[in-house]
Amino acid sequence: MKKLTGIILVAALVGLAISTLYISLGLSQNLTGSVRVKRSPVITAIELFSDDNGGTTTPTNELTPIDEMTIRITVNFQDPGYIYSVKVIIYHNFVGISAPDNASHHVTIFWSSVTGTWTLSAGGSTTWAIDTANSYVPTGQISGTDYIFVVFTPGKITRYSSTGNWVIYANVTDRDNPSVLYGENSLTGLNCRYYLEMSVDAASFDFGSVPPGAANISLYSPRCINVTVISNYWWFLQFNATGWYNASNPSQLVVDFTQFNSLLADDDPNPTERTETGLSPIWIRPTDSIWNYLSPTPEAGTIIRLYLFVTLPSDIPYGTYVTTLTITTGMSQPPP
Ligand SMILES: [Ca+2]
Ligand SMILES: [Ca+2]
Ligand SMILES: [Ca+2]
């Protein structure tokens, strides 16, 4: 038993010696390392022009909704290279550069050398657009200065600014290592022009037959008038009418709206709610009948359902009367 233990011990020591010998021999191999230190491309200028189709005759500091415009990006490759991608982010500084894309405040335009195509992301907007035929990225090797042209159309609700809130950011990458070899720059302090559309789905309205002295009688036809407004800023809706005129003698003013409250506008079918929902009813007079501080609209517009109500003097003669209602919209100040 003792002898066997000795043999095992000797075998273990031999094994240990072989293993030690193996480690001390070692193996090695030399590799040649290299890194090329390359200068990133530099964006030396970003310019905005109101020209269509890549033109550069009319510089501007103002985005214009629904008008094609051109951005020119000047890029410099001090060490020769190829453009891998171009990213342009057009954003309102109220939301910042990393906000999600949306039609009013943030849009991303991207060109990829892999696909050779442009994409524009504007949060589902149907009015922002990129003119791919006239946008241009040099695809050959660049050595020195070259130009990128981004031809685009700002959407209808691109938020109005007269205080330079808009920024155009550009990022150009080098194919040699796009994730670290890139240049970026921003054109700040841009405005955006006011944009406004209005449509009214009625050309006339009628209260039907009403007795003298009646109060707050609803429209007979149509039941309500839809006013659709698209506005890229706060807006107002104003109503003007001077009075009821004799239909058979249209120069004869019978009910003067400065003297008698006769025509009431509201945005719901109840003119006398204890607590108003939405907009408050207003008497229509020759001036100052206005709903102010209405919110900037979605791209498809905001629809105001206009309900009209008539109230008549108890001594109004029987007959037919006519009026002209003028509906006006325009830019308003933000709510106070
Ligand atoms: Ca233009
Ligand atoms: Ca009401
Ligand atoms: Ca109301």
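Scan the stretch 296-336 residue by residue and report those that are assigned to a strand (DSSP E or B), away from ligand 2 (no atom under 16 Å from the Cβ) and under 30 Å from S104 (Cβ atoms).
Passing the criteria: T302, I303, T326, I327, T328, T329, G330, M331.
So, of the residues in the stretch 119-139 that are in contact with a strand residue (DSSP E or B) (Cβ under 6 Å, 6 or more places away or on another chain) and without any contact (Cβ under 8 Å) to a residue 24 or more places away in the chain, which turns out to be surrounded by the fewest Cβ atoms within 10 Å (Cβ to Cβ)?
By that ranking, first place goes to T119.
The rows are residues; the columns are (1) farther than 29 Å from D315 by Cβ; (2) more than 16 Å from ligand 3 (Cβ to nearest atom); (3) polar (S, T, N, Q).
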residue: A215; (1), (2), (3): no, yes, no
residue: S221; (1), (2), (3): no, yes, yes
residue: T242; (1), (2), (3): no, yes, yes
residue: S251; (1), (2), (3): no, yes, yes
residue: F257; (1), (2), (3): no, yes, no
residue: T275; (1), (2), (3): yes, no, yes
residue: G278; (1), (2), (3): yes, no, no
residue: D288; (1), (2), (3): no, yes, no
residue: P298; (1), (2), (3): yes, yes, no
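Of everything in the stretch 78-95 that's under 24 Å from R159 (Cβ atoms) and touching a residue at least 12 places away in the same chain (Cβ under 8 Å), which residue is surrounded by the most Cβ atoms within 10 Å (Cβ to Cβ)?
Per the criteria, the residue is I90.
On the given criteria, is Y136 among the aromatic types (F, W, Y), more than 30 Å from Q78 (Cα to Cα) and modelled with pLDDT of 95 or more?
For Y136, the condition - among the aromatic types (F, W, Y), more than 30 Å from Q78 (Cα to Cα) and modelled with pLDDT of 95 or more - is not met.
Quick check, is S162 small (G, A, S), part of a strand (DSSP E or B) and under 27 Å from R36 (Cβ atoms)?
For S162, the condition - small (G, A, S), part of a strand (DSSP E or B) and under 27 Å from R36 (Cβ atoms) - is not met.
Determine, yes or no, whether V75 is crowded, with 20+ Cβ neighbours inside 10 Å and not small (G, A, S).
For V75, the condition - crowded, with 20+ Cβ neighbours inside 10 Å and not small (G, A, S) - is met.
With the requirement that a residue be among the charged types (D, E, K, R) and touching a Gly at 6+ places or on another chain (Cβ under 9 Å), what does the stretch 183-218 give you?
Within the stretch 183-218, just E197 meets the criteria.
Would you mind stating whether I18 is modelled with pLDDT under 85 and hydrophobic (A, V, I, L, M, F, W, C)?
Yes.
Just checking, how many residues over the stretch 280-336 are of a type in the set (K, R) and within 16 Å of I217 (Cα to Cα)?
0
Can you confirm whether the stretch 263-278 contains a residue that is of a type outside the set (V, I, T), away from ligand 2 (no atom under 16 Å from the Cβ) and buried (at least 17 other Cβ atoms within 10 Å of the Cβ)?
Among the residues of the stretch 263-278, not one is of a type outside the set (V, I, T), away from ligand 2 (no atom under 16 Å from the Cβ) and buried (at least 17 other Cβ atoms within 10 Å of the Cβ), which makes the answer no.
Could you list, in sequence order, all residues of the stretch 47-74 that are closer than 18 Å to Y136 by Cα and either within 16 Å of ligand 3 (Cβ to nearest atom) or not β-branched (V, I, T) (or both)?
Hits for the stretch 47-74 are E47, L48, F49, S50, D51, D52, N53, G54, G55, E68, M69, R72.
Would a scan of the stretch 169-176 turn up a residue that is in contact with a Phe, Trp or Tyr (Cβ under 8 Å, 6 or more places away or on another chain), under 17 Å from I71 (Cα atoms) and part of a loop (DSSP other than H, G, I, E, B)?
No.
The values are calculated or read from the model by the stated rules, or taken from the named source; none is laboratory data. Values in this document were obtained by computation on a predicted structure and should not be read as measured data. For neighbour counting, all protein chains shown are included, and Cβ atoms are generated from backbone atoms with ideal geometry for every residue, glycine included.
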